[in-house]
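Okay, so here's the structure we're looking at.
The values are calculated or read from the model by the stated rules, or taken from the named source; none is laboratory data. Model, not experiment: these values are computed from the prediction. Reconstructed Cβ throughout: ideal geometry from the backbone, glycine too, with neighbour counts over all protein chains shown. These accessible areas exclude ligands, DNA and RNA; they are computed on the full protein's heavy atoms, side chains included. Shrake-Rupley method; radii C 1.70, N 1.55, O 1.52, S 1.80 Å.
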Amino acid sequence: MKEIKFNGANVLLLCTTDNMIWQFLLPHIKDLECFGAKVDCVCNRTGFWFDELKEKYGLNMIELAMKRKPINLTNFKAYKALKKLQKKNKYDLIYCQQPTGGLLGRFIGRRFKLPVIYTAHGFFFFKGNSKLKNFIFKTAEKIMARYTDILITMNDEDFEATKKWKTREKYKIHGIGLDYEKYKNEKAEQLSKKDLNIKENEKVILSVSEFIPRKNYQTMLKAIAELSKTRDDFKYVLCGTGELLEDMEVLARELKIEDRTLFLGYRKDIDKIMSLSDIFYHQSYHEGLTMGIMEAMHFSLPAVVSDVRGNSDLIDENGGILTSPNDIEGQVKALNKLLDDETLREKQGAYNKEKIKDYYLENVRGELKKIYQENSLI
């Protein structure tokens with residue numbers, strides 16, 4: 001890496017969405033500023049997060065239209081805009097996040113001979129994906145690794161994939177960091193089942209994630225429909241927004257499980273909802289290291305999750321049940337097992353509460369600081 005220090009450096013932090021910065025990256029950006037860096041956050045505006053980051057947290061936000069899928073005309077336009085931005089602001093270092101941000105950031109780094117740090121939140125190639133897509137995305141990442149000075153991954157499968165790549169330095173950290181401190185407000189008013197129109201004798205199965213295809217809500221709703229044929233002592237609570245939300249609400253009606261499901265949309269009180277939940281349910285097709293599962297572990301919830309990259313890093317047989325993402329029968333069996341066994345739920349929840357401590361924000365910040373020190377950035 002070109003000799004550079006954060007102190008006095010002009011850093012371009014490139015991220016696909018403002019939500020990613022608001023939800024995950026804010027404390028790490030503040031750390032960069034504490035190390036003396038001037039940070040420009042360049043991302044797509046997708047909601048209230050952009051203005052809140054700028055006005056409430058004082059970040060220097062620059063809007064740039066990008067798409068999550070790297071191969072898109074909008075991203076070619078974004079690259080041209082980034083070239084102009086680099087010529088104008090003369091950044092000393094590119095710090096890029098997510099596949100599209102990582103691709104564009106490294107193209108800019110190569111074009112202007114700048115050092116690049118890339119944090120992979122989950123590669124677009126993974127076990128279970130089509131061979132063609134895996135070949136294309138893995139080849140692209142392997143090529144771009146040559147123009148990456150520091151590559152940071154978050155799960156075992158991704159880290160293993162990088163071992164033979166020509167990146168100067170490679171690391172694996174414990175995710176982006178779970179900020180458990182924000183859940184410590186003892187004076188905050190608690191949420192009750194009654195507040196959500198859930199009966200006291202109903203156990204709560206909870207899912208928290210964006211309503212997009214890879215989160216696989218369609219399969220989960222079908223499993224809930226099967227589960228409801230033999231029992232009525234639960235409520236399935238779904239938190240999140242996204243392009244498929246309305247479609248999933250329609251599907252719930254078609255499956256005749258309106259009385260078993262509760263769509264809550266975007267919530268700022270996920271901690272309170274988790275506190276009254278009994279099981280966390282997540283059946284995505286692929287992940288990096290999902291925050292929803294990490295939060296559930298912190299709140300001592302057992303989990304029924306898909307046996308895919310990222311999920312299996314967090315949940316093992318001591319903390320939940322791993323299933324195939326399309327195995328409705330297996331998921332119903334797993335949910336029944338946990339619903340019927342309070343002792344098992346408590347045991348697995350306690351195990352998860354202890355295991356997640358390695359993924360707490362304070363630990364991840366320490367891991368990143370060590371990476372910066374080893375590379376003479378601070």
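The calculated Kirkwood hydrodynamic radius for segment 13-84 is 12.6 Å, given to one decimal from all distinct C-alpha pairs. Please report, to two decimal places, log10 I(q)/I(0) for segment 302-378 at q = 0.20, 0.24 Å⁻¹ as given by the Debye formula with identical point scatterers on the Cα atoms and no solvent. Treating every Cα as an identical point scatterer, log10 I(q)/I(0) equals -0.86, -1.06.
At full extension, Arg168 and Asp259 could sit 27.3 nm farther apart than now, given 0.36 nm per residue minus the alpha carbon distance. Applying Stokes-Einstein at 20 °C and 1.002 mPa s to the Kirkwood radius of segment 233-378, computed over alpha-carbon pairs, gives a translational diffusion coefficient of 128 µm² s⁻¹. For the pair Lys182 and Cys34, label points projected 7 Å from Cα toward Cβ lie 1.7 nm apart.
The modelled label-to-label distance for the pair Thr241/Thr46, using points 7 Å beyond Cα in the direction of Cβ, is 1.1 nm. Evaluated at q = 0.14, 0.15, 0.25, 0.33 Å⁻¹, the base-10 log of the normalised Debye intensity for segment 229-277, with identical point scatterers placed on the Cα atoms, takes the values -0.40, -0.46, -1.01, -1.23. In segment 98-180, inverting the average of 1/r over every pair of distinct C-alpha atoms gives 13.1 Å as the Kirkwood radius. Distance between the pseudo-spin-label points of Glu3 and Thr74 (7 Å out from Cα toward the beta carbon): 4.3 nm.
The apolar share of the surface of segment 1-102, taken as the fraction of accessible area on carbon and sulfur atoms (1.4 Å probe, ligands and nucleic acids excluded), comes to 54 percent.
Taken over segment 188-272, the alpha-carbon convex hull comes to 84 cubic angstrom per residue. In the chain, Rg over Rh equals 0.98, where Rg is the alpha-carbon radius of gyration and Rh the Kirkwood radius from pairwise Cα distances. Binning all Cα-Cα separations of segment 269-329 at 10 Å, short to long from zero, yields these whole-percent fractions: 25, 56, 19, 0.
Pairwise Cα distances in segment 149-198 exceed 16 Å in 63 percent of cases.
Averaged per residue, segment 155-299 has 48 square angstrom of accessible surface, using a 1.4 angstrom probe with ligands and nucleic acids left out. Overall, segment 26-73 carries a charge dipole of about 280 debye about its Cα centre when +1 sits on the Cβ of Lys and Arg and -1 on the Cβ of Asp and Glu, all other atoms neutral. Whole-Hz Karplus values for segment 22-32 come out as 4, 7, 10, 9, 3, x, 6, 5, 4, 5, 4 Hz, taken residue by residue from phi with 6.51 cos²θ - 1.76 cosθ + 1.60 and θ = phi - 60°; glycine and proline positions read x. The slack in the chain from Lys67 to Glu354, taken as 0.36 nm per residue of separation less the alpha-carbon distance, amounts to 99.6 nm. Where only DSSP H runs of four or more residues are counted, the chain gives -11500 deg cm²/dmol as its mean residue ellipticity at 222 nm, each run worth -39500 (n - 2.57). Round to a whole angstrom and tell me the spacing of the C-alpha centers of segment 25-47 and segment 159-182. Computed from Cα coordinates, the inter-centre distance equals 18 Å.
Remark: the Glu189-Thr139 segment gains 12.9 nm on full extension, using 0.36 nm per residue and subtracting the alpha carbon distance. For Asn60, the residues whose amide H sits under 5 Å from its own are Cys41, ignoring neighbours fewer than 5 places away on the same chain, with H placed 1.01 Å from N. Look at where the Cα atoms of segment 5-23 and of segment 244-290 average out, and the two centres are 31 Å apart. Dimensions of segment 42-190 along the principal axes, based on C-alpha atoms and rounded to the nearest Å, stand at 51, 39, 28, largest first. In order along segment 207-219, the phi-based Karplus estimate (6.51 cos²θ - 1.76 cosθ + 1.60, θ = phi - 60°) of 3J(HN,Hα) comes to 10, 9, 5, 6, 8, 10, x, 6, 7, 6, 5, 4, 5 Hz; Gly and Pro are listed as x.
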